[in-house]
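Colleague: The structure that follows is given in the form of structure tokens.
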Amino acid sequence: MNTESYRLVKLAIQVISVIASLLINSLLITLIITKSPKNMGNYRHLMVYFCCCSMIFGILDVIVQPNILTYKSAFFMVVDMKRRNFAPWFGKFAVYALCGSFGIAIYGIAIHFVYRSFALERQGRIRYFKGAFLIFWFSIPLVGGAAWFLVTAYVFPKTKMETEYIRSIVNETFNMDIDNCAYNAGVFFPLDENGKQVIGWWSFAGFAGYLTIMIIPFSIILSFGFKSWRIVGGLLEQGDSEFAKNLQLQLYKALVAQTIIPVILLFIPFGLLFTLPIFEIDCQFLAALIFAIYPAVDPLPILYFVDYYRIPVIDFFKTTKCRANRVGMDSIGSTVIE
């Protein structure tokens, strides 16, 4: 596949993904608002918030249309500002904002695990998600996204060494002139003016920053996820109503699935993308479309596992099918009578 064909296929996937993301997340938001039981509490607000974040993620991806690549000891994201008609300042900001949305996503998942754990414990800690506290929880993913944005913008170097290191591969792979691109790159072992390999200390610092930002939510997910798993395991032995037990189990299954999806589509690929270039191991197969499909598939677990959202969707399609069959039968009947 040549460069132009690859670009068009990639763009088609991104557009289809963002359209699917907008439709599915909008549907889920509507169902959350109209079909959620009262005892779901402020978890409804968290789910709506997370749906909105996924939609913004998808919109940014199709606007920026990033090209992600690894080459020897470098990983980088480039955007052709000339082709996209971006002003230089906007191209840079768009790259940083898309990277920041990754930080928002991983911290948003961690907040969900904290809420589910508090709800399952039944120790009154759920009150910390009410009133002004809710604003605090909403702000945490934004802080995580801002941290990722700042590391991307200010820690990774964009000197002549980094630019020259990736110039030829950017031109060869994407048919782009790096001078017309906004980019973010980590080059662990760039070449100096004499062609000698040196250590890119700032790139290692940026890598450490990314790693630190990722470790915090992962630790929260593992800790609170394990607590929730233990509590869910004993739900059937508790004296709660079947209604409450089933709802908790459905929400927990959806949350686990919503964690597996970004782990497979984002966390593992990006973790390898950041790490393998240190050893000059090519991982281009991970970099091609790892952003694109995540926003579209992220809301699907809630639609599938939670009865209050799945059943109305199934009923809608059943009703639509019955109406179509009825119209078809009426049409056949009228033809026979004539």
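Colleague: Find how many whole Å separate the alpha carbon centroid of segment 51-106 from the alpha carbon centroid of segment 137-216.
Modeller: Cα centroid to Cα centroid, the span is 13 Å.
Colleague: Suppose the chain between L303 and K38 were pulled fully straight at 0.36 nm per residue; how much longer would it get relative to their current alpha carbon spacing? Before the final figure, lay out each step's value.
Modeller: Working: separation 265, 0.36 × 265 = 95.40 nm, distance 1.80 nm.
That pair, L303 and K38, stretches by 93.6 nm at full extension.
Colleague: For the chain, state what percent of all Cα-Cα pairs lands in each successive 10 Å bin, counting from 0 Å until the bin that includes the largest distance.
Modeller: 5, 22, 28, 20, 14, 7, 3, 1, 0, 0
Colleague: Taking K130 as the anchor, which lysines have their alpha carbon closer than 30 Å to its alpha carbon, excluding any fewer than eight residues away along the same chain?
Modeller: In chain and number order, the partners are K35, K38, K227, K245, K253.
Colleague: Here's another thing I want to ask about it. Can you list the residues of segment 86-104 with backbone N under 17 Å from a point 7 Å past the Cα of K158, pointing along Cα to Cβ?
Modeller: 86-101
Colleague: Normalising by the residue count of the chain, find the relative contact order in percent from Cα pairs under 8 Å and 6+ residues apart.
Modeller: Result for the chain is 26 percent.
Colleague: What does the extension gain come out to for T30 and E280, with contour length at 0.36 nm per residue minus their alpha carbon separation?
Modeller: Gain on extension, T30 to E280, equals 85.3 nm.
Colleague: What are the ³J(HN,Hα) values, in whole Hz, obtained from phi via the Karplus relation 6.51 cos²θ - 1.76 cosθ + 1.60 with θ = phi - 60°, for each residue of segment 152-168 in sequence order, with x given for Gly and Pro?
Modeller: 4, 7, 10, 8, 5, x, 10, 8, 4, 4, 5, 4, 5, 5, 9, 4, 5
Colleague: Turning to a different aspect of this structure: Tell me, what is the FRET efficiency for T173 and F138 to the nearest 0.05, using R0 = 41 angstrom and their Cβ-Cβ distance as r?
Modeller: Efficiency computed from Cβ-Cβ geometry: 0.55.
Colleague: Could I ask something else about it? Among V198, V256, V79, whose mean-square fluctuation peaks in a Gaussian network model of the chain (Cα, cutoff 10 Å)?
Modeller: Ranking V198, V256, V79 by mean-square fluctuation puts V198 first.
Colleague: By a straight-distance test (C-alpha under 27 Å), which lysines pair with K92 as possible cross-link partners, with residues fewer than eight away in the same chain excluded?
Modeller: K10, K72, K82, K158, K160
Colleague: Whole-Hz ³J(HN,Hα) for each residue in segment 33-49, computed from phi via Karplus 6.51 cos²θ - 1.76 cosθ + 1.60 with θ = phi - 60°, x for glycine and proline: what do you get?
Modeller: Taking θ as phi minus 60°, the curve returns 6, 9, 10, 6, x, 4, 6, 6, x, 6, 4, 4, 5, 5, 5, 4, 4 Hz for segment 33-49.
Colleague: Normalising by the residue count of segment 55-132, find the relative contact order in percent from Cα pairs under 8 Å and 6+ residues apart.
Modeller: With pairs under 8 Å counted, the relative contact order is 22 percent.
Each reported figure results from applying straightforward, stated rules to the coordinates on display, with no laboratory input. This one's a predicted model, so the numbers in the text were calculated from it and none came from an experiment. When we count neighbours, we look across all protein chains shown, and the Cβ atoms used for this are built from the backbone with ideal geometry, even at glycine.
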